[in-house]
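Below is one structure, written out as structure tokens; comments come after it.
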Amino acid sequence: MSDERPTVRPVNLGRLVEIAHFCTGGERSTTDVSSALDVSKRRARETILESVRIGLIEPVGDADDEVYTATAVGKRFVDIVEESNWGSVSNILETRSPHYGEFLDLFEDNDTVEPDDALERLEDRAEFTPYEYNETSLDVIGGWAQRLGVVQRNAFDGSFYTTRGDEIPSNFPYVLLSIADEFEESAGVNLQKRYLSIPEIRECTCERLGCGRDVFDDALVRLAQQNIGKVELSGAPIDTGAKDARYGIKTIELADGDELISTDQSSEQVMRGVEQLGKQYYYFAVYDRDLQFNEDDD
């Protein structure tokens, strides 16, 4: 397997962290990596070669020995992971990984990028480079960015978008009503006669406003508290469109056990409701469109 492979290898962020951390302990062979990561030698080799390309580890000794150790960059990478400094982790990958860096460049002039458009633009940019992109590449590098909090991905249509901090804009109620109208128009049902899925509205609103999912949840609960009788949170998780959610939410955090970090990808997180007074709500209904919204009301 050549280290000149043009596409990014299917190595998730957790594996990059694991191998860099493992190789800080000394010289490691492919067999060592395979055993430590509990993967086949082929998968271990893929992880090694992508980590070498990024510069997290490097070969030592004769080329035939296939022994690797962490580089200075790799050691720094592990240090900032241990600090949960995910922004700096992203900065290292942006600088060291040609594929990841090009992906993030897509958002310099765009807040939202659809998958097909992202792939087309990446392919155009790579025309005179040794690199290539495909759907798997997009999932891999997009997954790194999601876990590090650089972008979010709409769980239903796959669009990538950037977020703008922890503030919700004052036009939140109007955007929410507009999205609710779009759902109702597509369903052909009057808004006041149907409960709408909070998970589906959450994904669309977060993309439209560039806000985090937790920010949306807090804003929706505040809106309900400030507009009693005008809107309602209701319902149990009977069927909130989980079958239509193609992409789970990807996360990364420090682990409590022997492992350095843990990663997660879950459609259950996508389909969660919002919590108010200890109870989960999965549906949203509007009875009066004249809504008040005080962003500072706790």
query: Applying the selection to the range 83-138, what residues are acidic (D, E), without any contact (Cβ under 8 Å) to a residue 12 or more places away in the chain and within 18 Å of V11 (Cβ to Cβ)?
result: E94
- line: Taking the range 12-38 and keeping residues among the β-branched types (V, I, T), modelled with pLDDT of 95 or more and under 26 Å from the mean Cα position of the chain (by Cα) leaves I19
message: Among the residues in the range 100-107, are any more than 20 Å from the chain's Cα centre (by Cα), at pLDDT 95 or above, surrounded by 17 or more Cβ atoms within 10 Å (Cβ to Cβ) and among the aromatic types (F, W, Y)?
response: no
task: Enumerate the helices (runs of 4 or more DSSP H) found wholly within the range 80-191, keeping only those where 1 or more residues are more than 30 Å from Q292 (Cβ to Cβ) and either among the small types (G, A, S) or touching a His at 6+ places or on another chain (Cβ under 7 Å) (or both).
output: 86-96, 98-105, 115-125, 135-147
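The values are calculated or read from the model by the stated rules, or taken from the named source; none is laboratory data. Given the structure is predicted, the values throughout are model-derived calculations rather than measurements. No Cβ is skipped: glycine too gets one built from the backbone with ideal geometry, and neighbour counts run over all protein chains shown.
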